[in-house]
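Report on the structure given below.
The values are calculated or read from the model by the stated rules, or taken from the named source; none is laboratory data. Being a predicted model, the structure only gives us computed values, none of them experimental. We place every Cβ from the backbone using ideal geometry, glycine too, and count neighbours over all the protein chains shown. Remember, those area values only see protein heavy atoms, side chains included, never the ligands or the DNA or RNA. Shrake-Rupley method; radii C 1.70, N 1.55, O 1.52, S 1.80 Å.
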Amino acid sequence: MTESALRALINDLTLEEKIGQLVQLPGYFQSEGAVTGPAGDMGLTQDDLRLAGSYLSIIGAEKIKKLQTAFMAQHPHHIPLLFMADIINGYRTVFPIPLAQACTFDPEGVEEGAAIAAKEAAAAGIHVTFSPMADLVRDARWGRVMESAGEDPYLNGCMAAAMVRGYQGKSLHDRGHIAACLKHFAGYGAPEGGRDYNNVELSERTLREDYLPAYQAAVEAGCEVVMTSFNTLNRIPSAANEWLVKEVLRREMGFTGMVISDWNALEELLAHGIAADQGEAAFLALRAGVDMDMTSPVYARNLKQLVESGKVPLAWVEDSAWRVLQLKNKLGLFEHPFKDADEEEERAVLLSPAHREAARKMAEKSFVLLKNEDHMLPLQPEEAAFIGPYVDHIYLNGAWSIFANDQDTVTVKAALANDPRTRNVPVAPGCPVHDADQPIMGFQQPVARDETDAEAALQEAVELARRSRKVVLCLGEHRECTGEAASRGELTLPKCQLRLLDAVTAVNENVIAVLFGGRPLDIRPLKEKTKAILVAWLPGTEGGPAVLRTLLGESHPSGRLSMCFPYCVGQMPIHYNHLSTGRPFHGDCHDGRFGSKYQDIPNEPLYPFGFGLTYTTFSYSPVVLSADRMKADETVTASVTVTNTGTCPGTETVQMYLRDISASVARPVRMLKAFVKISLNPGESREAAFTISEKMLRLYDLSMRYVSEPGTFDVFIGPDSQTMNKARLTLEEDSMAQEME
Ligand code: BGC
C-alpha cells in the first residue's frame, strides 16, 4: 500500500479502531468462543477482540490463515492482524540457546541460524519474533542469561545485529523473512541480586557505555520493533520511561519502528507504584511512547475515555497506530495478509535435513572445552562408557523453545545408537536429573519428577565406571532452571549429580564431563575431579550428534565463553571488563589485607570470558603495531602471527582488547574491540590483523560527551580476556575530540 493510501486508511478509522491497533492479545483468547474466561476476567469486550491489532503465540499456517480470514472479514476496515511469537533459538529446528550461540564468536553463523528460524516461522504464519534479546548480563543467578549473548557489550552487539539481519533479510516483503523485535529495553539484564523482574540501578555512564551499545547495534541493523523491559531503571519502569523511549531510543539511536510493552507490563505499572489505576498507566505508557500494549487491558479499556475527556491527546493514539500500520504495510500484509503462511512450505522446511544440519554445526561451534588433561579427548569410539542423567535427556532445547517438539531432539544415547561404531557403547543414567526435594516449576506446570531409582542407578553407574577405560559423564542443570523467572541463589549442580560425580570419579580416574545447561555454574567439583570438561550448553535438536561428533574428534571444539564461569556464587556480579579500583589485587587471597579482594575466594572467575581450548595448541607472536602513535584521523594496524603448534587442525578465536591507561574517568581494565577466527593445520601460521580507529578509543568523558582523549592505550591480542600479550599505542595530543555522530 502506498504511504498516502495508508494515511487515508488511518484517517478513516474510528477512535476505537485506532485504539484497537495498539492492542495485542494472547493467543489463548482465540480458543474461547465468546468473551468468557481470561478475556472476560480482563474486562475485555467482544469489540476489543474484534478490533485488536495483534495476537501473540498463535502458530501454524492453517490456523493463522483461517483466523486472519475470519478476523479481516468482520473488521470494519478489514485490517489484517499481526502475528507475533517468541522464536528465540529456532522454531521447530532448535539451535543452541543464545548464550551458546555467542560462544561461537561467529556472527555469520548466527545470522544463518536466525534466517532458518525465520524461514520456518514464516511458513507457520508468524510475522514478528520477540528476538533478539540484547540485554547485557553479569550475574549468572539471573535465569535469563541463557537468552543473552553474555557479558561483553561488543560481542552482544555483534550477535544482536546478526540475528536482526538473519530474521529480516533484505526486505520484510521477501519470502521467509520476519520482523525482529529487540528486547528488553533497557537494562533488564542487571536486576538487583540477579532476581528476575527486580529493580535495576545503573549510572547513566554505565548504561550508555556497557548496556546500550548492543541495543544500538540491533537498531542500526534495522530491527523493526523494540520491546520495553519489565524492570525499573533508576526508579522508573521502562514501560513508562519517556526519556528512555523517546529521547534515547528514538532521538539518539534513530529508531523509527514500533515499540511494544512486555507481557502485562502496563498493568504492572500499578504494582510498581507509579500509577494509581489503569487509566493513569495508559496515560504514562502512551506518553512514554509505548505503541502496543502486550496482553494487558490497559489500552483497550482506558484510552477511549482518556481521549474523549481530553486527558490523552488524540495525536498520541494516532502516532502509535500509524507505527503499527506501517509495520503491517512493510510486511506486505495489506496485499498478502497470510504473508508466507503455507502448509506445504511448512511440511517442506520444518526440521528439514538442511536445517537439522545447520543446527548441528552451530551446536558444535558453540561447545567450549574448558579442560583436557592427558589428551582425554578426542575419544576412540568404544573407549568410554556414557553415564549421567543427560545421556538420554530429550530436553536439550532452551526454556523458550515453546513451539518445538522435544520428541524431535536427538539425545546423546540416540546418537550413540545411530552410529555403528558406537552402537555397543554402554550407557547408564546414574541418577535422576534433579533432586526430588527441589521441585521445578515449568512455564505452565511443574516439571514431572524424574522417577529414576537413585540408589539402583548409582550402583549400576559405579559398576560400569569401574570396568570402563574412560567415562563420559553427562551432567547439567534442567532446562527449566534457566529462562524467565528462573533465578537461582545457588549455582551448584543438583546434589544427586554431585553424588554421582563423587562415586564415578572414585572408581575411574579418566572422567570427561559434558556439561549441559543454560548458565555458567559453580563447577569447582567438576574441575577438581574430572580430567576434561566440555560445556555443551542447551544445544538444541541436534545436540546429541553434535556432542558425539565432538567427543570423537570429527568436529573440533572452538567455542569461547561468552560469559565467565564464576569461582562461586559469591562473586556475582562478575565480568572481565571491570574497573581497576584504587587497590587492584593481583596476588594470592591470603597475601596482604588491604587490596580489593575477598578473604576466602579469589577475585578471578574459574574460567574467564573468551576462554576455550581446542584439540590442538596455538602460539602467538608478540603484538606488532604498524605505528605506535596515531592521530584521530588515522588508523593503526595491530597484528600477531598465530601458529598451530599441535598435532591436529584447529580453529583459534583471536581476540583484541584495549585498555585506556589514563582518562578523565576510570576505565575498564580491558574491553573487547574485535575478534577473528582462523583455522590452521598443524605447523601452519597466519597473521591476524585488526584496524584500530579513533572511534574504538572513545568514552563518555567527565561531561558525558562521547569522545576520545589523547593518551596511551594497551593493545592486547590473545586467546582470551586474560592475555598479557600487548603493545602500547599513543593517541596524540593534537587529536580532536569527536562528538558521537
Ligand atoms: C518475556 C518476553 C517475551 C514475552 C512474550 C515475556 O514474559 O519477558 O521476553 O517475549 O513474554 O512471550
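Once you wrap a convex hull around the alpha carbon atoms of the chain, what is its projected area averaged over all directions, in nm²? Show your work: numbers first, answer last.
Values: hull surface 131.6 nm².
Reported value for the Cα convex hull: 32.9 nm².
If amide H atoms are built 1.01 Å from N in the plane of the peptide, which residues on other chains or at least 5 residues away come under 5 Å of the amide H of L369?
Answer set, sorted by chain and number: V535, G559, L613.
Cβ neighbours within 10 Å, averaged per peptide: list 705-714, 298-307 in order, most packed at the top.
298-307, 705-714
Run the dipole for the chain about the Cα centre, Lys and Arg Cβ at +1, Asp and Glu Cβ at -1, nothing else charged, and hand back the magnitude in debye, nearest 20.
Dipole about the Cα centre, nearest 20: 840 debye.
Using a 1.4 Å probe and ignoring any ligands, DNA or RNA, find the accessible area of R287 and quote it in Å² to the nearest 10.
Result for R287: roughly 80 Å² accessible.
Between rounded, prolate and oblate, where does segment 353-562 land on the alpha carbon gyration tensor, with a ≥ b ≥ c its root eigenvalues, rounded for a/c under 1.5, else prolate if a/b exceeds b/c?
rounded
Can you find, among V669, P622, I692, the residue sitting farthest towards the positive end of the charge dipole of segment 618-735, where Lys and Arg contribute +1 and Asp and Glu -1 at Cβ?
The residue sitting most towards the positive pole is V669.
Relative contact order for the chain: what percent, with Cα pairs under 8 Å and sequence separation of 6 or more?
Working: 1806 pairs, mean separation 96.3, N = 741.
Once divided by the residue count of the chain, the mean separation gives 13 percent.
Roughly speaking, what is the centre-to-centre gap between segment 205-241 and segment 414-483 when only Cα atoms are used, to the nearest Å?
Going from one Cα centre to the other spans 40 Å.
Could you give the distance between the Cα centres of segment 630-655 and segment 547-623, to the whole Å?
Taking the Cα centre of each part, segment 630-655 and segment 547-623 sit 21 Å apart.
With unit charges on the beta carbons (Lys and Arg positive, Asp and Glu negative) and the dipole taken about the Cα centre of segment 353-562, which residue among L369, L416, A461 sits farthest to the positive side?
Selected residue: L369.
Relative contact order of segment 353-562, please, whole-number percent, based on alpha carbon pairs below 8 angstrom and at least 6 residues apart.
In percent, rounded to a whole number, it is 36.
Which of the peptides 631-639, 503-511 is most tightly packed, and how do the rest follow, judged by the mean count of other Cβ atoms within 10 Å per residue?
503-511, 631-639
Thinking of segment 437-503 as a set of Cα atoms, what percent of all their pairs are more than 15 Å apart? Don't jump to the answer; show the numbers that get you there.
Numbers: 1341 of 2211 pairs.
Cα-Cα pairs of segment 437-503 separated by over 15 Å account for 61 percent.
Between helix 153-168 and the chain, what is the angle of the helix's C-alpha long axis to the longest principal axis, kept within 0 to 90° and rounded to the nearest 10?
Helix 153-168 and the main axis of the chain meet at about 50 degrees.
What is the magnitude of the charge dipole of segment 618-735 about its Cα centre, with +1 placed on the Cβ of each Lys and Arg, -1 on the Cβ of each Asp and Glu, and no other charges, expressed in debye to the nearest 20?
Details: 13 positive and 15 negative charges, 63 e Å.
Here segment 618-735 has a charge dipole of around 300 debye.
Taking 0.36 nm per residue of separation and subtracting the Cα-Cα distance, what length does fully extending R583 through K66 add?
Values: separation 517, 0.36 × 517 = 186.12 nm, distance 6.59 nm.
Additional length available on full extension: 179.5 nm.
Compute the length gained on full extension between R524 and D437: take 0.36 nm times their separation in residues and subtract their Cα-Cα distance, giving the result in nm to one decimal.
This chain segment gains 29.0 nm when fully extended.
Once you keep just the Cα pairs under 8 angstrom separated by 6 or more residues, what percentage relative contact order results for segment 660-741?
Once divided by the residue count of segment 660-741, the mean separation gives 27 percent.
Do any GluC sites (Glu not before Pro) in segment 357-412 lie in a DSSP loop with no more than 14 other beta carbon atoms within 10 Å, and if so, which?
Passing both the DSSP loop test and the Cβ count: E382.
Using Cα centres only, tell me the gap between segment 359-386 and segment 149-167 in whole Å.
If we compute the Cα centre of each part, the gap is 26 Å.
How large is the helix-only mean residue ellipticity at 222 nm for the chain, computed as the sum of -39500 (n - 2.57) over DSSP H runs with n ≥ 4, divided by its residue count, in deg cm²/dmol to the nearest 500?
Calculated at 222 nm, the ellipticity per residue is -8000 deg cm²/dmol.
Carbon-plus-sulfur fraction of the accessible area of segment 353-562, 1.4 Å probe, in percent?
48
Using 0.36 nm per residue of separation minus the Cα-Cα distance, give me the extension gain between T641 and D502 in nm, one decimal.
45.8 nm
Once both axes come from the Cα atoms, what is the angle between helix 314-330 and the longest principal axis of the chain, in degrees from 0 to 90, rounded to 10?
60
Convert each backbone phi in segment 625-640 into a coupling constant with the Karplus relation 6.51 cos²θ - 1.76 cosθ + 1.60 (shift: θ = phi - 60°), then list the ³J(HN,Hα) values in order as whole Hz, x for Gly and Pro.
9, 5, 7, 9, 9, 9, 9, 4, 8, 10, 10, 10, 9, 10, 9, 9
In the neighborhood of A454, defined by Cβ-to-Cβ distances under 13 Å, what is the net charge if each Lys or Arg adds +1 and each Asp or Glu adds -1?
Residues close to A454 contribute a combined charge of -4.
Sorting check: for 154-163, 611-620, which peptide has the highest mean count of neighbouring beta carbons within 10 Å, and how do the rest follow? Present the calculation step by step, with values, prior to reporting the outcome.
Values: 154-163: 27.1, 611-620: 19.3.
Highest-to-lowest ranking by the protection proxy: 154-163, 611-620.
About the Cα centre, and with charges only on the beta carbon of Lys, Arg (+1) and Asp, Glu (-1), how big is the dipole of segment 95-177? Nearest 20 debye, please.
Magnitude of the dipole: close to 240 debye.
Charges on Cβ only, +1 for Lys and Arg, -1 for Asp and Glu, centred on the Cα centroid of the chain; of N234, A115, C474, which one is farthest towards the dipole's positive end?
Sorting the options by dipole projection puts first C474.
Over all Cα pairs of segment 1-95, how is the pair count split among 5 Å bins, expressed in % and running from 0 up to the last occupied bin?
Percent of Cα pairs in each bin: 3, 12, 21, 22, 18, 12, 8, 4, 1.
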